[in-house]
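A quick write-up on the structure given underneath.
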Protein chains: 2
Amino acid sequence: MAINAGRLISLPKRRRVVALAVAAACIATWSLSLWAKPDDAVPYPEGYRMWTHVRTALIGPQSPAFESFGGLHHIYANDKAMEGYRAGRFPDGSVLVFELLETRENAGVTTEGQRKRVGVMVKESKLYAETGGWGFESFLGDSRTVRRLNAEGRIACFKCHEPQKDRDFVFSEFRK
Amino acid sequence: MAINAGRLISLPKRRRVVALAVAAACIATWSLSLWAKPDDAVPYPEGYRMWTHVRTALIGPQSPAFESFGGLHHIYANDKAMEGYRAGRFPDGSVLVFELLETRENAGVTTEGQRKRVGVMVKESKLYAETGGWGFESFLGDSRTVRRLNAEGRIACFKCHEPQKDRDFVFSEFRK
């Protein structure tokens with residue numbers, strides 16, 4: 001049926017149909033990408049495992065923070081964020097990563113398990129002016145695309161960091 | 001008395017005495033430096049906190065390794081050692097650091113305490129040919145000069161690493 005219908009369309013018309021279909025598909029893909037990643041979306045911190053390791057802590061079951069942040073976490077900083085630790089103010093382009101891992105325990109030794117999530121703070125003063133100049137995001141597990149935060153979640157991050165205003169909203173200090 | 005004795009020495013002779021004294025002092029200092037730091041001494045890994053963080057583990061009181069290695073430890077690698085993790089063989093100039101920290105615990109959260117020691121492995125195939133091409137050292141606490149290992153201690157390090165021969169004597173793997 002489809003083939004027969006195709007045969008009824010003259011060649012130039014068929015070309016026009018194909019061109020329109022391709023254009024429509026392009027527009028749809030572009031719209032979808034806009035929907036999936038708005039202009040102020042915090043990018044995945046590619047290569048952060050090669051950045052500077054700032055410090056580490058383990059949040060255990062006895063902590064009230066366990067449900068949200070339980071596990072072993074490392075903080076990593078890119079070069080600009082390292083300038084920020086030194087200067088006390090973080091320049092635009094600073095990126096801090098809060099990497100949260102599951103833990104395994106065997107015979108008294110606690111080791112690193114699966115990655116639970118990759119929390120990110122990006123400093124872009126103008127883009128994120130409403131949240132202290134910082135954009136917040138959290139990527140699920142090993143994913144570079146699955147984002148855990150909606151607008152409400154991002155504001156919750158900022159509210160938690162807000163009391164650190166004098167330290168440019170950053171909790172961690174670089175352990176020398 | 002000394003001044004009077006000095007007056008008895010003619011000027012060229014006095015010069016010779018001074019030159020000899022200076023030479024003797026130089027030789028003594030040089031000998032002392034040789035004694036303090038032999039040619040095969042592993043240097044302190046300056047700047048290792050900016051190197052790549054390889055992985056982390058916590059050795060607790062239940063572990064039989066607690067007495068020797070109890071605390072939170074991080075492994076750091078310089079760029080050459082990172083090549084080694086990728087290639088499986090570590091090139092000369094590779095340096096791995098085993099940084100051991102005390103831990104503090106408060107309300108279920110374990111954080112990093114004082115530095116207990118900085119263990120170092122340096123790959124120089126010829127210099128350390130007898131210990132798999134690796135030189136071993138351990139610096140006490142925050143010190144860059146107080147070395148914990150004598151010849152026996154360095155051999156003990158190697159003996160422990162020896163079963164890892166197929167992995168170029170390295171235990172750790174880079175956690176991606």
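Where a number appears in this text, it was derived from the coordinates with a stated rule and is not lab data. Small disclaimer: the values here were computed from a predicted structure and weren't measured. Neighbour counts run over all protein chains shown; Cβ positions are idealised from the backbone, glycine included.
All of A:93, A:113, A:71, A:108 fail the test of being in contact with an Asp or Glu (Cβ under 7 Å, 6 or more places away or on another chain) and on the phi > 0 side of the Ramachandran plot, apart from A:71.
Applying the selection to the stretch B:89-134, what residues are small (Gly, Ala, Ser) and closer than 30 Å to residue A:65 by Cβ?
Looking only at the stretch B:89-134, we keep the residues that are small (Gly, Ala, Ser), and these are B:93-94, B:107-108, B:113, B:119, B:125, B:129, B:132-133.
Correct list: B:107, B:108, B:113.
Among the conditions (1) part of a helix (DSSP H, G or I); (2) of a type outside the set (S, T, N, Q); (3) in contact with an Asp or Glu (Cβ under 8 Å, 6 or more places away or on another chain), residue B:153 misses just one, which is (3).
Residue B:123 meets each of the listed conditions (1) touching a residue at least 40 places away in the same chain (Cβ under 8 Å); (2) closer than 29 Å to residue B:60 by Cβ apart from (2). So, of the residues in the stretch B:155-176 that are within 14 Å of another protein chain (Cβ to nearest Cβ) and within 18 Å of residue B:137 (Cα to Cα), which turns out to be surrounded by the fewest Cβ atoms within 10 Å (Cβ to Cβ)? It comes out as B:171.
Tell me, which strands (runs of 3 or more DSSP E) lie completely within the stretch B:56-144 with 1 or more residues that are within 11 Å of chain A (Cβ to nearest Cβ) and either touching a His at 6+ places or on another chain (Cβ under 8 Å) or exposed (fewer than 15 other Cβ atoms within 10 Å of the Cβ) (or both)? Don't jump to the end; show me each part of the working.
Values: elements: B:71-77, B:95-106, B:109-123, B:134-140.
Of the strands (runs of 3 or more DSSP E) lying wholly inside the stretch B:56-144, those with at least 1 residues that are within 11 Å of chain A (Cβ to nearest Cβ) and either touching a His at 6+ places or on another chain (Cβ under 8 Å) or exposed (fewer than 15 other Cβ atoms within 10 Å of the Cβ) (or both) span B:71-77, B:95-106, B:109-123.
Quick one: in the stretch B:41-55, which of the residues that are of a type outside the set (Ser, Thr, Tyr) and within 7 Å of chain A (Cβ to nearest Cβ) is surrounded by the most Cβ atoms within 10 Å (Cβ to Cβ)? Talk me through it step by step, then tell me what you get.
At the first step, the residues of the stretch B:41-55 found to be of a type outside the set (Ser, Thr, Tyr) are B:41-43, B:45-47, B:49-51, B:53-55.
Those still in the list that are within 7 Å of chain A (Cβ to nearest Cβ) too: B:49-50, B:53, B:55.
Values: B:49: 17, B:50: 14, B:53: 23, B:55: 17.
This residue is B:53.
Mind checking which pairs have a first residue in the stretch B:43-61 that is more than 20 Å from residue B:124 (Cα to Cα) and a second that is among the basic types (Lys, Arg), Cβ under 6 Å, 6 or more apart or different chains? Pairs that qualify, where the first residue is more than 20 Å from residue B:124 (Cα to Cα) and the partner is among the basic types (Lys, Arg), are B:55/B:175.
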